[in-house]
Each structure stands twice: as C-alpha cells, then as structure tokens.
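The values are calculated or read from the model by the stated rules, or taken from the named source; none is laboratory data. What you see is a predicted model; the values in this text were computed from it and never measured. All Cβ positions, glycine included, derive from the backbone under ideal geometry; neighbour counts span all protein chains shown.
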C-alpha cells in the first residue's frame, strides 16, 4: 500500500510540473525527536538535508491561480534524528510551496508534502528495543514548514523556516508510536527565469452546482494491538463501505457528508479465539461512523481530509482494557472520534459520473488505525 502512495505521488509529480520556470533549493534542518513516549533514548540534536528541483505552476491549468500560482518541488530528504537507535532516513517527496509576497524582495510561504521514507534502524526486541517510535523500514513522511525568504540578488533567495516532520507506518507494523521532528531550517533558492503567468479563459469551465451521491468500498490492513504492543504480530484486513453526498463548490474545494460501515478482521478473530461473551462477533467487531469531509483539488488529484464521529464502536472499550490500561479521557475521545487523511485520483471525470481511486490513512483521534486502498464512484 505504501508503494501505491509512492506511485500516486510520482504520477502527481509528472502531471503537475509546468514548463515555465525552474527552481533549485538546498535546505539544512536542525531538529529534535519530540518526547512522545516515556522510555525513549536521550534527546540529542538531529540534522536533515533537503535538495529540491521545482517548477512554478503558472496558469496552464485554471486551478493554479486559486492557489496563487504555487511552486511544485520534487525533494530528496536525508536525515539523522539524533540517536544511533533511530539510524538514518531517506525520502523522495513531492512538495508544494504556497507563497504570499510581503514586498518586492520579501516573501512568506508554507511548504508541505507527503510521501514514503526509508529508515535504516527500526525496533528490534533484542537489538534495538528502545526505538519504540519506528517499527518498520518503510513509513509515511509528512512535513510542513512556515517560512520567510528574501531576494538578496536577482533570482537568488535566502530563507528561514519553522516546521516539523512526522513519520508513521499507519499501524501496519508495531510498535508504531510515530516519530515527530520539530525543526528549524535555513535554505538557499535559485530561480532560473522570471515567472510568466498565463491567463486562461474560464468561461468554458462548468461545475455541477448540485449535490452528487457517492459510494465507496475500501480494504485496509493493520496489525492488532496498541501503538506499542504486541509487536511482530500478524496483519489483518479491515473492510470499509461508505455512502454519502458531495459537492464541488469551485475548482479547488469539494465537500462531502456521509457514513462508513467498518468491520475489523482482527477484532472478530480475537472475540472468537478468546471466547469473549460480548455478543455476535461480526457485529461487535464492526463500527458505524458519520463524517464530514473536505478535499483540496489539484486537477484530477485531490488531498482528502475527513472528520468522523463514531456512533457505534463496541469493541474499542474492550480493546483498551485488555492489557490492563485504564479507560481515561483520551481513550473516550478515541472511541468517539475517527478521521482520515488521503490521496485520490479521478480516473473518469464527467459532469454526471466520476470514478475515483485512492489511499487513506485512518486514525482514532490522532493515533493510526489502518491504511486502506479504495474505489469510489459518484453520480
């Protein structure tokens, strides 16, 4: 599934880069591992390097101007989080830089991206048991940076940014607490040419103003357990059905309302194997969620975010208390909230019918639950 994310982003890279302006950027980050678990190696300063090649999106597609003509990069990351237990990581990541000029020389901006990272050192029960953050060599990497840059010579920029990098394997292999790296960075950017903005006639662009119906089916995968235990267990499937309504309000915003029906193979197996007297295994291993969602549109691609409220989620309370943990306020919130972050691509896109494929990361509150691939159609 992580390979599918990588392929989707490579397709995004080649389809979005315009032919107008080349940019080159080199960044150096200073970072620290956020102490989000009590039994971690000592916190030491870490370092990350980034080399990026980019293109200014100049209006060749109508949606470019809605994002104020951002820059699209392909970035290579390499880093050392600060301790030998974590080793090194490497990533090839698409990035968007959204810029707002302050004056002729000074600009502010937000840069963000999502891709796959490779880690040299992961959790090992005998050789690396203190690395509870990263349980697999492949993880997702997400980053965000808010910064300023100054053009000190024509087409030459120096910049400063504040942000963070996040790594997680989506609960596909435990432990998976996830690594967060708050960071500051300095960078140099060179722009090859001046930006030439193209004006496109939008009179022929027609959006369907009505709400559309949609239905989707997804198959997910995760490892049974909490973020830290039990490690090295089998993988289980999660089945996901959803229905709802959606509406695209302009070229870059789309909204949805609907509900999900989930069934966890791991929960069902545990109920049967442990002979839990809690009712029908299929029903007790299922969940029902209502949700609202938003999608940022980039032509045929979309970045999807979903906020859900769990109406029915019976096994979660048993799941939390199985290992002797208390069902506290945080667990209560996890039992009623679930969210998704995803990428999607519209294979067929007409006014009356849309066919969509994609990948989602499902989380309970902010804790990864599973990764799924899905197919959706709208009518």
Notebook entry, point to check: Only one of 111, 100 is without any contact (Cβ under 8 Å) to a residue 40 or more places away in the chain and either under 24 Å from the mean Cα position of the chain (by Cα) or assigned by TED's automatic domain parsing to the domain that holds residue 45 (or both); which?
Noted result: 100
Notebook entry, point to check: With respect to residue 2, is the statement that it is modelled with pLDDT under 90 and over 30 Å from residue 253 (Cα atoms) true?
Noted result: no
Note to self: Take the conditions in a strand (DSSP E or B) and surrounded by 18 or more Cβ atoms within 10 Å (Cβ to Cβ) and apply them to residue 242. Does it pass?
What the structure shows: yes
Notebook entry, point to check: Of everything in the range 146-183 that's free of Cβ contacts under 8 Å to residues at least 60 places away in the same chain and out of contact with any strand residue (DSSP E or B) (no Cβ under 8 Å at 6 or more places or on another chain), which residue is surrounded by the most Cβ atoms within 10 Å (Cβ to Cβ)?
Noted result: 175
Check: Among the numbered criteria (1) at pLDDT below 95; (2) crowded, with 18+ Cβ neighbours inside 10 Å, which single criterion is violated by residue 121?
Finding: (1)
Next item on the list: Quickly run through the range 33-42 and pick out the residues that are under 22 Å from residue 145 (Cα atoms), touching a residue at least 12 places away in the same chain (Cβ under 8 Å) and surrounded by fewer than 16 Cβ atoms within 10 Å (Cβ to Cβ).
Entry: 36
Next item on the list: With the condition kept exactly as written, say whether any residue in the range 286-296 is buried (at least 19 other Cβ atoms within 10 Å of the Cβ), over 25 Å from the mean Cα position of the chain (by Cα) and in contact (Cβ under 8 Å) with a residue 40 or more places away in the chain.
Entry: no
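To keep it simple, each residue is scored yes or no on (1) under 23 Å from the mean Cα position of the chain (by Cα); (2) closer than 30 Å to residue 128 by Cβ; (3) modelled with pLDDT of 75 or more.
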| position | (1), (2), (3) |
| --- | --- |
| 203 | no, no, no |
| 209 | no, no, no |
| 218 | yes, no, yes |
| 224 | yes, yes, yes |
| 233 | no, yes, yes |
| 237 | yes, yes, yes |
| 241 | yes, no, yes |
Next item on the list: Check whether at least one residue in the range 61-77 is in the same structural domain as residue 107 (by TED's automatic domain parsing), at pLDDT 95 or above, in a loop (DSSP other than H, G, I, E, B) and surrounded by 19 or more Cβ atoms within 10 Å (Cβ to Cβ), and report yes or no.
Entry: no
Item checked: residue 130, sole failed condition from (1) modelled with pLDDT under 95; (2) assigned to a strand (DSSP E or B) -> (2)
Checklist line | Yes/no for residue 143 being assigned to a strand (DSSP E or B), under 21 Å from the mean Cα position of the chain (by Cα) and buried (at least 19 other Cβ atoms within 10 Å of the Cβ) | finding: yes
Next item on the list: Would you point out the residue of the range 327-352, among those that are loosely packed, with under 15 Cβ neighbours inside 10 Å and under 28 Å from residue 213 (Cα atoms), that is modelled with the lowest pLDDT?
Entry: 351
Note to self: Looking at the range 201-223, can you tell me whether even one residue there is within 30 Å of residue 43 (Cβ to Cβ), assigned to a strand (DSSP E or B) and without any contact (Cβ under 8 Å) to a residue 60 or more places away in the chain?
What the structure shows: yes
Check: Is it the case that some residue within the range 174-185 is closer than 26 Å to residue 302 by Cα, touching a helix residue (DSSP H, G or I) at 6+ places or on another chain (Cβ under 7 Å), in the same structural domain as residue 57 (by TED's automatic domain parsing) and outside any loop (DSSP other than H, G, I, E, B)?
Finding: no
